[in-house]
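What follows is a short report on a single structure.
The values are calculated or read from the model by the stated rules, or taken from the named source; none is laboratory data. Being a predicted model, the structure only gives us computed values, none of them experimental. Please note that ligands, DNA and RNA were not included when accessible areas were found on the heavy atoms of the full protein model with its side chains. Shrake-Rupley method; radii C 1.70, N 1.55, O 1.52, S 1.80 Å.
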Amino acid sequence: MNESNLKSTALDKVQQDGQLPSEVAKELGISSRLLYRWLREPKSTKSQSRQRIENEIEKLTHKLHQLRQQMRQLEQH
């Protein structure tokens, strides 16, 4: 698991699942200090990352829709 995924997983476990940071840190093999630092980061950084991900999902969804249309057209010929 890369650092970005590890960070996201750790933050989700604490913020969304309500697990204790010390337990999450131990479970994921990271220091509690690092996890608390991630938790203190400005929310704008998190929202910017989330926005980039949402934008990428939107682009990929659009591309998937286009490809499905192309497949249907090819199947009709």
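The figures follow:
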quantity: Lys pairs, the chain - Cα-Cα below 28 angstrom, 8 or more residues apart or on other chains; calculated: 13
quantity: Heavy-atom surface of the range 3-70, accessible at 1.4 Å and reported per residue (Å²); calculated: 78 Å²
quantity: q = 0.11, 0.16, 0.21 Å⁻¹, the chain: log10 I(q)/I(0) [Debye, one scatterer per Cα]; calculated: -0.45, -0.67, -0.92
quantity: Within the accessible area of the chain (1.4 Å probe), percent carbon and sulfur; calculated: 50 percent
quantity: Distance histogram for the range 13-55 (every C-alpha pair counted, 5 angstrom bins, percent rounded to whole numbers); calculated: 6, 21, 24, 22, 18, 9, 1
